[in-house]
Amino acid sequence: MHNYSCWLFLLLGISAVGQNCQSTLSGKTIDFHNNSPLIGATVIVVGPEKATLTDLNGNFTIKGLCDGTYRLQISHPECLTKTLSVKIDGETFVEIHLEHHIDQLEKVVVKGNAFENALKSADEKRLSSKEIARYSAGSLGDALKKISGVSSLNTGSTISKPVIQGLSGSRILIMNHGTRMQAQEWGAEHAPNVDINSAGSISVIKGAAALQYGGDAVGGIIKIEPERVPRIDSLYGKTLFSAARNGRGASLTSSLTKSYKNGWFAVLQGTLKRFGDFETPEYVLSNTGFSEKDASFRFGFDKYTHGLEAYYSYFHSELGILSASHLGGIEDLFRALESEKPLIIRDFTYKIDAPKQEVSHHLAKLKYFKRFKNWGKLTLQYDFQQNHRLEFDRRRDSEDNVRPAIDLTLKTHSFSADFELNKINGFEGKIGIVGRYQDNYSNPETGVKRLIPDYWQLDFGGYAIASYDFNEKISAEAGFRYDFSHIDAYKYYATSLWEKRNYDEIFPEFEVKEYGTQLLTHPKLDFHAFSATAGINYAFDEDWKLLFNYSLASRIPNPSELFSEGLHHSASRIEIGDLRFGKETANKFSFSLHKQSEVFSFSLSPYINLIDDFMLLEPIGARKTIRGSFYVWEYRQTNARLFGMDFDASVKLAEQLRSEHSFSIVKGKDVSQKKALIHIPPANTLNRLIYSTEKMGNLRIALESKYVFEQNEFPNNNFEIFLPVSQATETVDISTPPEAYHLLNFYAGIDLTKTKNYRLRLGLDITNLFNKKYRAYLNRQRYYADNLGRNFALRLNLNY
């Protein structure tokens with residue numbers, strides 16, 4: 001046994017002598033993002049457990065290694081630890097790339113990237129997920145009114161369109177989960193088809209300072225972004241239930257997220273809403289209930305070097321329109337204006353009858369990105385959208401009310417490619433192209449003349465933007481964009497209108513065939529649009545910052561502005577477009593002065609927007625039809641000027657007490673006709689007193705005061721009608737704005753249960769606390785009824 005052991009040790013010794021353990025491993029650690037050396041990275045050879053740190057140039061050397069294959073473990077602050085296999089044979093060199101700044105990438109709030117949202121010189125405001133949760137039962141327009149300079153154009157209590165610094169509709173671009181929304185947004189009563197409960201944050205960019213999304217954002221851009229999924233092994237979710245007294249309805253939304261450390265993730269989310277007739281302080285608003293069903297799903301993998309994401313969302317809503325606003329003609333409008341209360345008031349019900357809207361929207365997206373060492377990031381995206389819009393009018397034959405008066409299906413295919421250059425010596429840039437094909441089908445089986453015709457539209461665009469940091473205090477940026485659009489439509493025109501507007505002389509090539517009093521036409525229109533932006537960002541110190549931005553935005557006319565010619569049933573009015581319209585061009589200058597500190601913060605943002613060939617819709621009189629008399633709204637182009645100011649401030653009064661204040665004012669003028677623009681928001685101010693403490697279950701209590709001034713600048717669009725009953729001519733006053741009003745609101749929230757794995761929070765909102773009777777200038781139904789009365793809303797928010 002002793003001899004056997006000696007032989008064994010002898011053989012092991014011979015083996016050790018024969019193996020080369022004098023090899024050297026050297027290498028360099030480099031930042032994948034900008035190719036800079038990483039100082040102080042730890043390099044460990046697993047097994048021998050030999051370790052070293054990289055020097056000032058990112059280099060390292062480990063000596064005395066045996067030849068063979070080893071695992072290396074490399075770590076560095078703000079980087080993901082990397083493990084790789086290396087074969088050592090004598091003098092061996094390896095170059096190691098680490099994903100630096102990974103801590104910033106994992107955060108929900110992205111900071112300091114000029115091209116992640118808007119340019120650094122743009123005026124941008126953001127709503128967090130906590131703020132969005134308060135409006136879970138409401139709409140996008142309701143939530144955004146919290147931001148200074150943002151108001152809403154309403155049709156009753158359920159349809160709300162955002163207005164940014166006096167502009168709305170096609171002038172507001174909505175980016176939903178990285179996709180530009182394509183819907184029938186041209187109508188004043190067409191609300192955005194998005195579920196705010198799918199958002200992790202919502203940003204408002206005031207102006208066209210984000211050219212990668214489009215050059216036609218004359219008013220601004222709304223970005224709805226999902227919550228960022230962390231790269232960890234986890235399963236988590238949230239459920240939010242809301243119940244409200246006014247409307248006697250409820251909302252339920254829930255989401256579930258599964259994430260993996262290797263970057264794979266999946267998110268499932270859904271929302272249900274159901275409300276009945278809403279109420280003013282004195283009466284029921286008959287036929288104003290609504291229902292909504294939404295769902296979304298996204299999955300993919302997200303790594304620093306590359307990633308892939310697939311996303312699908314479905315939105316469906318059914319919206320009742322106040323019965324008293326569809327009475328049959330201009331005589332009823334006059335009676336409604338003379339009456340203190342709606343001419344139709346019924347008992348509360350959940351039933352939704354005509355007039356109403358039914359809208360469904362599908363969105364599917366596939367996105368891929370790849371980072372290239374020393375160059376930058378390439379992003380490719382394809383998305384498809386289908387928007388189906390039905391509008392039901394109250395027909396003379398009640399059995400025919402199940403057939404829509406408007407039936408539109410809009411399909412959109414889009415592809416985009418963007419390349420973002422790495423930041424080198426203070427310079428960074430981004431270039432991109434986009435192509436889009438759109439097809440609109442207007443169902444002829446409605447039995448009424450189609451307001452919007454069949455058409456298809458082809459769009460191509462390209463942009464380039466760049467920024468440069470002169471030093472830590474000053475940075476500048478600039479960009480330009482070109483867009484081409486081709487519209488091909490088939491449209492029936494009344495021959496009398498075609499000849500009255502000299503279309504027969506201007507567009508004789510569009511004429512196809514005449515059918516009695518109707519003329520079939522085939523308009524083909526091309527538009528070229530140029531947009532640009534430039535800005536400067538100057539930081540006085542850590543607290544003070546000054547921004548200046550200039551933007552040139554060009555918007556081509558939408559189908560309604562070009563082709564409308566008939567009765568818009570959900571609006572209960574005749575609308576007439578103009579085939580001669582050219583593009584709308586806006587030059588906007590904006591300044592922003594910001595101070596940010598723990599005790600006192602504020603921002604002051606004056607601006608002026610000069611718009612050539614501004615397209616507006618305004619009433620011009622009344623017309624009698626076989627369905628009754630309706631007032632006529634006509635599109636026209638003019639030169640416009642809007643100037644105003646937004647102000648925000650926050651003051652820390654005590655350790656748990658803070659006050660927040662905002663004020664907005666905008667003045668709009670029709671320069672060509674020297675009169676005020678229609679539908680410009682009145683000045684308003686919002687003030688909050690907020691008490692919050694981490695004790696007592698993260699208690700938060702807020703009292704809010706909102707004062708809206710009377711709009712004292714407005715155009716006179718009144719007109720006269722002859723009433724057969726009284727045999728008299730009367731003036732229909734649709735111009736005079738309502739009086740100023742003041743509302744008080746109350747909000748409170750507290751954690752009922754909070755553990756490591758879940759949290760249950762209770763919230764209570766009371767809006768219009770004193771049940772104030774009022775009418776809003778930007779509510780299209782102010783002619784017929786008051787705005788909503790007091791509302792109690794209870795929320796239960798469970799995070800798990």
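The values are calculated or read from the model by the stated rules, or taken from the named source; none is laboratory data. Given the structure is predicted, the values throughout are model-derived calculations rather than measurements. No Cβ is skipped: glycine too gets one built from the backbone with ideal geometry, and neighbour counts run over all protein chains shown. What goes into the accessible areas is simple: the full protein's heavy atoms, side chains included, and nothing from ligands, DNA or RNA. Shrake-Rupley method; radii C 1.70, N 1.55, O 1.52, S 1.80 Å.
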Residue list for the stretch 724-738, filter: farther than 22 Å from Lys773 by Cβ and surrounded by 14 or more Cβ atoms within 10 Å (Cβ to Cβ): Glu730, Val732
Failed condition for Tyr784, given (1) open to solvent by less than 60 Å² (accessible area, probe 1.4 Å); (2) assigned to a loop (DSSP other than H, G, I, E, B); (3) modelled with pLDDT of 95 or more: (3)
Number of positions in the stretch 739-761 that are open to solvent by 30 Å² or more (accessible area, probe 1.4 Å) and touching a residue at least 24 places away in the same chain (Cβ under 8 Å): 13
Conditions (1) closer than 30 Å to Arg481 by Cα; (2) surrounded by 17 or more Cβ atoms within 10 Å (Cβ to Cβ); (3) in contact with a Phe, Trp or Tyr (Cβ under 6 Å, 6 or more places away or on another chain): number failed by Thr521: (1)
Hits in the stretch 297-313 (condition: under 19 Å from the mean Cα position of the chain (by Cα) and open to solvent by 40 Å² or more (accessible area, probe 1.4 Å)): Phe297, Tyr312
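Just to check your reading of the model, which residue among Phe392, Phe372, Phe419, Phe415 is open to solvent by 20 Å² or more (accessible area, probe 1.4 Å), among the aromatic types (Phe, Trp, Tyr) and at pLDDT below 95? Give the steps one after another, and end with the answer.
Working: Phe392 fails: open to solvent by 20 Å² or more (accessible area, probe 1.4 Å); Phe419 fails: at pLDDT below 95; Phe415 fails: at pLDDT below 95.
From the options Phe392, Phe372, Phe419, Phe415, the qualifying one is Phe372.
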In the stretch 575-604, the residues that are more than 29 Å from Arg780 (Cα to Cα) and either touching a His at 6+ places or on another chain (Cβ under 9 Å) or of a type outside the set (S, T, N, Q) (or both): Phe589, Phe591, Leu593, His594, Lys595, Glu598, Val599, Phe600, Ser601, Phe602, Ser603, Leu604
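For the stretch 667-675, state whether one or more residues are closer than 29 Å to Pro737 by Cα, of a type in the set (Val, Ile, Thr) and more than 25 Å from the chain's Cα centre (by Cα). Quick ask: steps written out before the conclusion?
From the stretch 667-675, those closer than 29 Å to Pro737 by Cα are 667-675; that's our starting set.
When the remaining residues are screened for being of a type in the set (Val, Ile, Thr), the result is 671.
If we keep only those that are more than 25 Å from the chain's Cα centre (by Cα) as well, we get 671.
Looking through the stretch 667-675, at least one residue is closer than 29 Å to Pro737 by Cα, of a type in the set (Val, Ile, Thr) and more than 25 Å from the chain's Cα centre (by Cα).
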Any hit, the stretch 771-778, residues being crowded, with 17+ Cβ neighbours inside 10 Å, of a type outside the set (A, V, I, L, M) and assigned to a strand (DSSP E or B): no
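Sort out for me the strands (runs of 3 or more DSSP E) sitting completely within the stretch 719-766 that have 3 or more residues that are among the aliphatic types (A, V, I, L, M). It would help to see each step written out before you state the result.
Values: elements: 719-723, 728-732, 741-754.
Once the strands (runs of 3 or more DSSP E) in the stretch 719-766 are filtered for at least 3 residues that are among the aliphatic types (A, V, I, L, M), what remains is 741-754.
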Selected residue (criterion: farthest from Ala405 (Cα to Cα)) from residues of the stretch 338-359 that are in a loop (DSSP other than H, G, I, E, B) and open to solvent by 90 Å² or more (accessible area, probe 1.4 Å): Glu340
Top-ranked residue in the stretch 281-296 [being under 29 Å from the mean Cα position of the chain (by Cα) and in a strand (DSSP E or B); ranked as surrounded by the most Cβ atoms within 10 Å (Cβ to Cβ)]: Phe290
Number of positions in the stretch 171-207 that are farther than 19 Å from Lys145 by Cβ and either touching a helix residue (DSSP H, G or I) at 6+ places or on another chain (Cβ under 8 Å) or free of Cβ contacts under 8 Å to residues at least 60 places away in the same chain (or both): 5
Hits in the stretch 446-474 - residues which are farther than 30 Å from Asn549 by Cα and free of Cβ contacts under 8 Å to residues at least 40 places away in the same chain: Asp454, Trp456, Gln457, Leu458
Given (1) among the polar types (S, T, N, Q); (2) open to solvent by 70 Å² or more (accessible area, probe 1.4 Å); (3) at negative phi, number of the condition Asn718 does not satisfy: (2)
One residue from His486, His568 being open to solvent by less than 10 Å² (accessible area, probe 1.4 Å) and of a type outside the set (Val, Ile, Thr): His568
Flag if Ser603 is open to solvent by less than 30 Å² (accessible area, probe 1.4 Å) and more than 22 Å from Gly220 (Cα to Cα): no
Strands (runs of 3 or more DSSP E) wholly inside the stretch 112-214 containing at least 2 residues that are aliphatic (A, V, I, L, M) and modelled with pLDDT of 85 or more: 150-155, 159-164, 172-176, 201-205
Tally of residues being under 26 Å from the mean Cα position of the chain (by Cα), of a type in the set (Ser, Thr, Tyr) and either closer than 17 Å to Ala199 by Cβ or buried (at least 20 other Cβ atoms within 10 Å of the Cβ) (or both) across the stretch 251-280: 6
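Quick check: anything in the stretch 472-480 under 19 Å from Leu562 (Cα atoms) and either touching a strand residue (DSSP E or B) at 6+ places or on another chain (Cβ under 8 Å) or loosely packed, with under 14 Cβ neighbours inside 10 Å (or both)?
The initial filter retains those residues of the stretch 472-480 that are under 19 Å from Leu562 (Cα atoms), namely none.
The answer is no, given that none of the residues of the stretch 472-480 is under 19 Å from Leu562 (Cα atoms) and either touching a strand residue (DSSP E or B) at 6+ places or on another chain (Cβ under 8 Å) or loosely packed, with under 14 Cβ neighbours inside 10 Å (or both).
Look at the stretch 44-54 and say how many of its residues are at pLDDT below 85 and surrounded by 14 or more Cβ atoms within 10 Å (Cβ to Cβ). Outline the logic, then answer.
Step one: list which residues in the stretch 44-54 are at pLDDT below 85, which gives 46-51, 53.
Next cut, surrounded by 14 or more Cβ atoms within 10 Å (Cβ to Cβ) only: 50.
Total meeting the criteria: 1.
Of all residues being of a type outside the set (Ser, Thr, Tyr), in contact (Cβ under 8 Å) with a residue 60 or more places away in the chain and part of a strand (DSSP E or B) in the stretch 409-428, which is farthest from Gln385 (Cα to Cα)? Just the residue, please. Break it down into steps so the answer makes sense when it comes.
As a first pass, look at the stretch 409-428 and keep what is of a type outside the set (Ser, Thr, Tyr): 410-411, 413, 415, 417-428.
From the residues that got through so far, the ones that are in contact (Cβ under 8 Å) with a residue 60 or more places away in the chain too are 410, 418, 420, 422-424, 428.
Filter once more, so that each one left must be part of a strand (DSSP E or B): 410, 418, 420, 424, 428.
Working: Leu410: 8, Asp418: 20, Glu420: 26, Ile424: 38, Glu428: 32 Å.
Per the criteria, the residue is Ile424.
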